[in-house]
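**Q** Once you've had a glance at the structure underneath, I'll fire off some questions.
Where a number appears in this text, it was derived from the coordinates with a stated rule and is not lab data. The structure displayed is predicted, hence computed values, not measured ones. We place every Cβ from the backbone using ideal geometry, glycine too, and count neighbours over all the protein chains shown.
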Amino acid sequence: MLSKGVGDGVLFPPESIPSFKLAGLVQYGVTVPGGFHQTAFAFIINEAKWQALSAADQTAISKLTGEHLSRLWGNLWDKTNADAIALMTKEGVKLESASPPLLAEIRKRLASLEAQWIAEAAKKGVDGRAALEYMRAEVKALEKK
């Protein structure tokens with residue numbers, strides 16, 4: 001689409017540029033401090049199947065998933081993005097950080113989605129605003145490590 005001029009740009013995380021072989025097609029990139037989107041992954045097992053596993057297998061799975069896997073995956077994602085940014089820089093892509101006015105506009109346009117999420121959480125008996133503030137504080141604390 002980009003190579004044929006059908007599209008003018010893409011909204012991708014940095015790692016997608018080399019993954020989709022777009023480095024030669026993209027001239028400019030804007031990074032958003034803290035990221036623009038996040039992806040959630042989950043490993044889910046049927047309760048009956050979980051109970052059918054031996055205690056040793058349950059323990060092994062529990063040790064390898066949860067926070068351990070989240071940190072491992074997050075570190076790999078960060079490295080992949082850093083490698084992608086290095087490749088884009090090498091390929092001549094001009095990268096800039098989003099300006100304060102652009103960040104303000106992004107926040108303004110996403111405010112309704114956040115409010116909707118908070119309202120949906122409230123319907124389930126969850127203080128969505130408090131949950132969101134907690135998660136943001138956790139992310140900031142982890143970024144300092």
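**Q** Report, in listed order, any pair from K123/K145; K79/K144; K108/K145; K63/K145; K49/K79; K21/K63 with a Cα-Cα distance greater than 25 Å.
**A** K123/K145; K108/K145; K49/K79; K21/K63
**Q** Separate question: Give me the dipole magnitude in Debye, nearest 20, for the chain about the Cα centre, with unit charges on the beta carbon: positive for Lys and Arg, negative for Asp and Glu.
**A** Numbers: 18 positive and 16 negative charges, 22 e Å.
That gives a dipole near 100 debye.
**Q** Here is a further query. To the nearest 0.05, what FRET efficiency results for D57 and V139 with a Förster distance of 30 Å applied to their C-beta separation?
**A** After rounding, the FRET efficiency stands at 0.40.
**Q** Which is farthest toward the positive dipole end of the chain among L22, I44, S54, measuring Cα position about the Cα centre, with Cβ charges +1 (Lys, Arg) and -1 (Asp, Glu)?
**A** My answer, from the dipole projection, is L22.
**Q** Now for a separate question. Compute the long axis of helix 100-123 from its Cα atoms, compare it with the longest principal axis of the Cα atoms of the chain, and write down the angle in degrees, 0 to 90, nearest 10.
**A** With both axes taken from Cα atoms, the answer is about 20 degrees.
**Q** Which ³J(HN,Hα) values in Hz, rounded to whole numbers, follow from the phi angles of the range 34-51 under the Karplus curve 6.51 cos²θ - 1.76 cosθ + 1.60, where θ = phi - 60° and Gly and Pro get x?
**A** x, x, 9, 8, 10, 10, 10, 10, 9, 10, 10, 10, 4, 4, 5, 5, 4, 5
**Q** Turning to a different aspect of this structure: Given the Cα-Cα distance of K4 and A104 and 0.36 nm per residue of separation, how much length would full extension add, in nm?
**A** Numbers: separation 100, 0.36 × 100 = 36.00 nm, distance 3.27 nm.
Between K4 and A104, full extension yields 32.7 nm more.
**Q** Loop-only check: which chymotrypsin sites (Phe, Trp or Tyr not before Pro) in the range 1-106 are DSSP coil with at most 11 other Cβ within 10 angstrom?
**A** Loop-located and lightly packed - F41, F43.
**Q** Ignoring everything except DSSP H segments at least 4 long, calculate the 222 nm mean residue ellipticity for the chain; use -39,500 (n - 2.57) per segment, divide by total residues, nearest 500.
**A** When only DSSP H runs of four or more count, the value is -19000 deg cm²/dmol.
**Q** Around T31, which amide H atoms from residues at least 5 apart in sequence, or from another chain, sit under 5 Å from its own amide H, with H modelled in the peptide plane?
**A** For T31, whose amide H was placed from the backbone, the distant partners under 5 Å are E96, S97, A98.
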